[in-house]
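Peer 1: Below you'll find the structure I mean.
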Amino acid sequence: MMWIILITAIYLMYLVFVVSVSYRLGTYKTENATKAAMLGFVLSFLPPLALIYLIVLFLKEDVAIV
């Protein structure tokens, strides 16, 4: 029973991490940070895809602010 609580807590921390990093990178790398965070949330249910998404966002060029 204790393992279920521990795994759930770790997964929730991972979910918060992916969404917050997606939003933070989305503010600099995309024109719509909210959509970047929502896509990060959806992909966080498939951890390898979420990490690939974060790497792609990190390597993307910054959006020019006009």
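Peer 1: Using DSSP to call loops (not H, G, I, E or B), can you name the trypsin sites (Lys or Arg not before Pro) in the chain whose Cβ has at most 15 other Cβ atoms within 10 angstrom?
Peer 2: Here the trypsin sites (Lys or Arg not before Pro) that fit, given the DSSP loop and packing criteria, are LYS60.
Peer 1: Tell me, in nm to one decimal, what length is gained between MET1 and LYS35 on full extension, where the rule is 0.36 nm per residue of separation less the Cα-Cα distance?
Peer 2: Answer, rounded to one decimal: 8.6 nm.
Peer 1: Right, something else. Would you mind getting me the FRET efficiency between ILE10 and LEU49? Use the beta-carbon distance for r and R0 = 25 Å, nearest 0.05.
Peer 2: Efficiency for this residue pair is about 0.85.
Peer 1: Dividing the Cα radius of gyration by the Kirkwood radius, what Rg/Rh value follows for the chain?
Peer 2: Radius of gyration relative to Kirkwood radius: 1.10.
Read-outs throughout are calculated quantities, based only on the coordinates presented, and are distinct from any laboratory measurement. A quick note: this is a predicted structure, and the numbers were derived from the prediction, not measured. Glycine also receives a Cβ, built like all others from the backbone with ideal geometry; neighbour counts cover every protein chain displayed.
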